[in-house]
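Reviewing the structure listed below.
The values are calculated or read from the model by the stated rules, or taken from the named source; none is laboratory data. Everything numeric in this text was worked out from a predicted model, so none of it was measured. So basically every Cβ, Gly included, is an ideal-geometry build from the backbone, and we count neighbours across all protein chains shown.
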């Protein structure tokens with residue numbers, strides 16, 4: 001199990017630390033990866049990243065109503081399961097920091113996205129394409 005975890009962990013790091021490419025345009029390096037525990041800088045909550053978008057991908061209406069600090073749309077945005085909640089959030093990279101509190105997140109959807117928690121990181125489930 002441990003070898004399996006580390007193999008998947010290394011593959012995940014390689015995948016998510018690479019540059020996002022859409023068409024022929026290189027976008028941005030993602031600072032954070034799926035399975036990483038983060039802190040929200042503005043709203044003071046912990047969470048775990050379950051998906052990464054290379055650039056903002058929701059509607060203009062959502063951005064105008066919710067993204068009050070007007071973070072850049074052309075940088076990575078992250079889908080986050082909120083610790084102790086039942087919801088997820090969509091957060092710009094500039095509003096996240098790596099958490100120093102690397103204990104498990106309490107969220108009912110954890111098992112939907114991750115197979116295990118080891119050494120402060122969640123191992124993502126393989127996605128079917």
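Residue check: is residue 51 surrounded by fewer than 18 Cβ atoms within 10 Å (Cβ to Cβ), touching a helix residue (DSSP H, G or I) at 6+ places or on another chain (Cβ under 9 Å), assigned to a strand (DSSP E or B) and at pLDDT 95 or above? Against the criterion (surrounded by fewer than 18 Cβ atoms within 10 Å (Cβ to Cβ), touching a helix residue (DSSP H, G or I) at 6+ places or on another chain (Cβ under 9 Å), assigned to a strand (DSSP E or B) and at pLDDT 95 or above), residue 51 qualifies.
Checking each residue of the stretch 75-93 against the condition of being surrounded by fewer than 16 Cβ atoms within 10 Å (Cβ to Cβ) and under 16 Å from residue 32 (Cα atoms) gives no match. Among the criteria (1) in contact with a helix residue (DSSP H, G or I) (Cβ under 7 Å, 6 or more places away or on another chain); (2) assigned to a strand (DSSP E or B), the one residue 122 does not fulfil is (1). Residue 69 versus (1) modelled with pLDDT under 95; (2) outside any loop (DSSP other than H, G, I, E, B): which is the lone unmet condition? Condition (2) is where residue 69 drops out.
Residues of the stretch 76-102 that are over 12 Å from residue 47 (Cβ atoms), assigned to a loop (DSSP other than H, G, I, E, B) and within 13 Å of the chain's Cα centre (by Cα): 76 alone. Could we say that residue 38 is modelled with pLDDT under 95, touching a strand residue (DSSP E or B) at 6+ places or on another chain (Cβ under 9 Å) and either in a strand (DSSP E or B) or buried (at least 18 other Cβ atoms within 10 Å of the Cβ) (or both) here? Spelling it out, it is not the case that residue 38 is modelled with pLDDT under 95, touching a strand residue (DSSP E or B) at 6+ places or on another chain (Cβ under 9 Å) and either in a strand (DSSP E or B) or buried (at least 18 other Cβ atoms within 10 Å of the Cβ) (or both). The set of residues in the stretch 103-118 being surrounded by 12 or more Cβ atoms within 10 Å (Cβ to Cβ) and not in a strand (DSSP E or B) consists of 104, 105, 106, 107, 109, 110, 113. Filtering the stretch 103-125 to residues that are under 15 Å from the mean Cα position of the chain (by Cα) and in contact (Cβ under 8 Å) with a residue 24 or more places away in the chain leaves 105, 107, 109, 110, 113, 114, 120, 121, 122, 123, 124.
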